[in-house]
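I have placed the structure first, in the form of structure tokens, so that the comments after it can refer back to it.
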Amino acid sequence: MRVYLDCYPCFLRQTIIAARLGTKDTEKREYVLKKIAAAIGEVDTSKTPAHATTFLHREIRNLMGGDPFKDIKAEYNQIALTLYPFLKRRVEESPDPLWTASRLAIAGNVIDFGIFTSVDIEGTVGRALGGPIAIDDYPAFKDEVKLHDKILYLLDNAGEIVFDRILIEALVSHGKKVTAVVKGSDVINDSTMQDARETHLTETCRVIDNGSDAVGTILEWTSEKFQSDFANASLIISKGQGNFETLMGSQKRIFFLFQSKCDAVSKELGLSKGSMLLKKS
């Protein structure tokens, strides 16, 4: 997937969100926006939007002197943890706990402050559990889970990681050995090892980092160790739109769980914006 014209206003919107989160200084916000607006003209449009977004957010962190998403990540980890008992109960009371847990994981993908400034978590959970989703390869997903003892789980955002924990716990209850993957360092509101610790995921399964600060999973920018883990994985669960953008052409056995949050990805899929997917590669 390459950069579309529709990506450009999104790049600017993401910059404004980051600037507002990172400082209350109006002049500093304007300075960052102007610098990134100029940098947008330098992005490589032959590659994925995730490549471009990675480049721009490196520049944003450099200009702001740190991670503008640090506080909101911690805040939404705690919000999601308050929902955990309710969500866990929904899974335990379900006639098909794996189905419910997978739908909740998709619902959790709405927690994305790289794109949105507010989210409706409860409404999205209701939609995920209440009816059909745009692409639903759950029968194939359930069959593949039965066949594989080890699963590589690519995480996405902070806050959302609690919803992933619930799905991972469901997989572990089926006897699966899950390795969850976080980012090697800060990028937007993506999960890092700090988020895995804050949300107790490290107490649930093995957690590793991919050695990268890239949006999604840009394999050539990850560590050799992660590349080996990825190559040897027989089943991969991939969360989030960025991972879909960067891995959609992979020959690996991957199930993508996410919501289509932007016009470009929705156009690529032939779906309406906001669609929920459990999609087999």
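Each reported figure results from applying straightforward, stated rules to the coordinates on display, with no laboratory input. Just so it is clear, the structure is predicted and the values come from calculations on it, not from any experiment. All Cβ positions, even for glycine, are placed from backbone atoms using ideal geometry, and neighbour counts span all protein chains on display.
The magnitude of the dipole of the range 7-64, with charges of +1 and -1 set on the Cβ of Lys/Arg and Asp/Glu and taken from the Cα centre, is near 180 debye. Net charge of the neighbourhood of LEU21, taken over other residues with C-beta under 14 Å away and scored Lys/Arg +1, Asp/Glu -1, is +2. For the chain, the dipole from Cβ point charges (+1 on Lys and Arg, -1 on Asp and Glu) about the Cα centre works out to 200 debye, to the nearest 20. Cβ-Cβ distance of ILE72 and SER228, R₀ of 45 Å, FRET efficiency by 1/(1 + (r/R0)^6): the value works out to about 0.85. Can you find, among LEU155, HIS200, THR100, the residue farthest towards the positive end of the dipole of the chain? Put +1 on the C-beta of Lys and Arg, -1 on that of Asp and Glu. Going by the charge dipole, the pick is THR100. Each other residue within a Cβ distance under 10 Å of ALA105 adds +1 if Lys or Arg and -1 if Asp or Glu, for a net charge of 0. Taking a straight line from the alpha carbon of LYS146, these lysines sit under 27 Å away, with near neighbours fewer than eight places off in the same chain left out: LYS88, LYS176, LYS177, LYS225, LYS239, LYS252, LYS279, LYS280.
Summing Lys and Arg as +1 and Asp and Glu as -1 over all other residues whose Cβ lies under 15 Å from the Cβ of LYS150 gives a net charge of +3.
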